[in-house]
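The values are calculated or read from the model by the stated rules, or taken from the named source; none is laboratory data. Everything numeric in this text was worked out from a predicted model, so none of it was measured. Here the Cβ positions follow ideal geometry from the backbone for every residue, glycine too, while neighbour counts run over all protein chains shown.
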Amino acid sequence: MFELIAGLVLFLGVHSVRIFANHWRSAQLAQRGEAVWKLGYSALSIAGFVLIVWGYGLARQSPMVLWPTPRGMNHLAALLTLLAFVLLVAAYMPRNAIKAKLRHPMILGVKVWALAHLLANNTLADLLLFGSFLIWAMLSFRAARQRDRQQPPVRSASNGLATAATVVVGVVAWAAFAFWGHLALIGVRPLG
């Protein structure tokens with residue numbers, strides 16, 4: 001469990017700099033330059049991610065069950081992760097109305113993904129992993145909205161075709177992951 005916790009602290013810690021120390025981040029960027037900042041940020045993020053994957057894999061070998069999972073939660077989780085995939089795609093697809101309206105669809109996607117997995121899973125490792133990401137996403141969204149209020153972003157144009165493409169790509173990516181990728185990468189068939 002130590003590896004999982006260390007990975008979460010490292011990964012989410014690096015990703016929390018804008019939440020808790022945005023002025024320090026700006027000073028570091030100005031002092032060291034964007035390339036050096038991104039290199040360090042990426043290296044720490046990758047190290048944290050590796051520790052999370054390793055630690056979660058170790059914890060799954062001897063799970064500590066905390067509560068019984070209610071019937072049907074995997075189906076609710078599948079529906080919620082479908083929404084999470086669409087939100088994730090919306091963060092990167094240009095000119096879609098979802099991003100124009102929500103402003104921070106990736107953070108909202110992480111929030112929905114984490115909640116879905118908390119509903120469908122019931123071990124201590126699940127609570128640590130998905131609960132940590134849910135708390136991080138809530139704090140990150142709040143901080144992003146505060147930055148938006150201080151310096152309102154330029155309203156971006158959107159169109160129906162880009163929005164439809166966002167939804168289609170999100171649904172296809174979700175289906176590929178739900179029916180193939182989750183089993184191949186995580187070792188669990190979420191819909192079966």
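One table, with the values for the structure above:
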read-out: All positions within the range 100-126 that are at pLDDT below 95 and of a type in the set (D, E, K, R); value: Lys101, Arg103
read-out: The range 20-44 residues that are outside the structural domain of Arg147 (by TED's automatic domain parsing), paired with ones that are not aromatic (Phe, Trp, Tyr) (beta carbon under 7 Å, 6 or more apart); value: Arg25/Val17; Arg25/Arg18; Trp37/Gln28; Trp37/Leu29; Tyr41/Val14; Leu44/Leu10; Leu44/Val14
read-out: First in the range 169-192 and in the same structural domain as Leu82 (by TED's automatic domain parsing) and at pLDDT 95 or above, second anywhere and small (Gly, Ala, Ser) and assigned to a loop (DSSP other than H, G, I, E, B), Cβ under 8 Å, 6 or more apart; value: none
read-out: Residue under evaluation Thr166, criteria (1) within 17 Å of the chain's Cα centre (by Cα); (2) buried (at least 16 other Cβ atoms within 10 Å of the Cβ); (3) under 18 Å from Met106 (Cβ atoms), criterion not met; value: (1)
read-out: Subset tally (residues that are farther than 30 Å from Gln146 by Cα and surrounded by fewer than 12 Cβ atoms within 10 Å (Cβ to Cβ)) for the range 17-65; value: 3
read-out: Pairs where the first residue, in the range 107-124, is among the charged types (D, E, K, R) and the second is buried (at least 22 other Cβ atoms within 10 Å of the Cβ) and assigned to a helix (DSSP H, G or I), C-beta under 8 Å, 6+ apart; value: Lys111/Ala137
read-out: Qualifying residues in the range 146-163 (those that are among the charged types (D, E, K, R) and more than 10 Å from Ala100 (Cβ to Cβ)) - the one surrounded by the most Cβ atoms within 10 Å (Cβ to Cβ); value: Arg147
read-out: Residue within the range 67-83 that is crowded, with 20+ Cβ neighbours inside 10 Å and charged (D, E, K, R) present; value: no
